[in-house]
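This report refers to the structure that appears directly beneath it.
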Amino acid sequence: TTAFGLQVTNVDGQASNIYTGLTAQAGGGGSTTGNVQVTFTPNSVSRDSGDGKFYYSVNLRETNGVGVTLVGMSAGGTDYSSNISSWFGSNHLAANGQLSVNMNTTCNSPCNYTYPWVFTGNDDHGHSGLTWSGSVFLGQ
């Protein structure tokens, strides 16, 4: 259990104790830099009346026409880099491509958190150390 009392489980039932949320931005120089937009569906999540969990999708979309290799992923400050490929099906986001994963989160009551997700990576043009982020709100 984390300090925030959250647990996220991916669609394969792998549970991870984490914190939630994000929107995207990237840095770099020279030629066009890969950019990943991080969004959530829905972006504000209410507790399911049946099992009390919060269900949402984490969506990644490359928006600058340059492929990106994801090398880091954290949620709520916890490193989940080793789960990128297993959760999203790949660690490479093609130019103008999309990746997504369905997640569910449990949270001790009361739960009103803006939960950040941060991704790092390198693009196909050689830009490294890029960072993108976004947040999902978990509310009652």
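For region 88-101, in order, what is each residue's ³J(HN,Hα) by Karplus, 6.51 cos²θ - 1.76 cosθ + 1.60 with θ = phi - 60°, in whole Hz (x at glycine and Pro)?
3J(HN,Hα) across region 88-101, in whole Hz: 9, x, 5, 9, 10, 10, 5, 3, 6, x, 9, 9, 8, 9.
Would any residue of region 49-66 have its amide N under 15 Å from a label point 7 Å out along Cα→Cβ of Thr41? List them or say none.
Zone members listed by number: 55-62.
Between Asn112 and Asn96, how many nm apart are label points set 7 Å from Cα along the C-beta direction?
4.3 nm
Calculate, in nm to one decimal, what Thr78 and Gln140 gain on full extension: separation in residues at 0.36 nm each, minus their alpha carbon distance.
On the way: separation 62, 0.36 × 62 = 22.32 nm, distance 2.31 nm.
The Thr78-Gln140 span can extend by a further 20.0 nm.
Amide H of Asn35: which non-local residues (sequence gap of 5 or more, or other chain) have their own amide H closer than 5 Å, using H built in the peptide plane?
The answer is Thr63, Asn64, Gly65, Val66.
How large, in percent, is the carbon and sulfur part of the accessible surface of region 38-140 at a probe radius of 1.4 Å? Spell out each step's value before the answer.
Values: 1960 of 4510 Å².
Here carbon and sulfur together make up 43 percent of the probe-accessible area.
The values are calculated or read from the model by the stated rules, or taken from the named source; none is laboratory data. In this text, all values refer to a predicted model and were calculated from it rather than measured experimentally. As a convention, Cβ positions derive from the backbone with ideal geometry for all residues, glycine included, and neighbour counts pool all protein chains shown. These area figures cover heavy atoms from the full protein model, side chains too; ligands, DNA and RNA do not enter into them. Shrake-Rupley method; radii C 1.70, N 1.55, O 1.52, S 1.80 Å.
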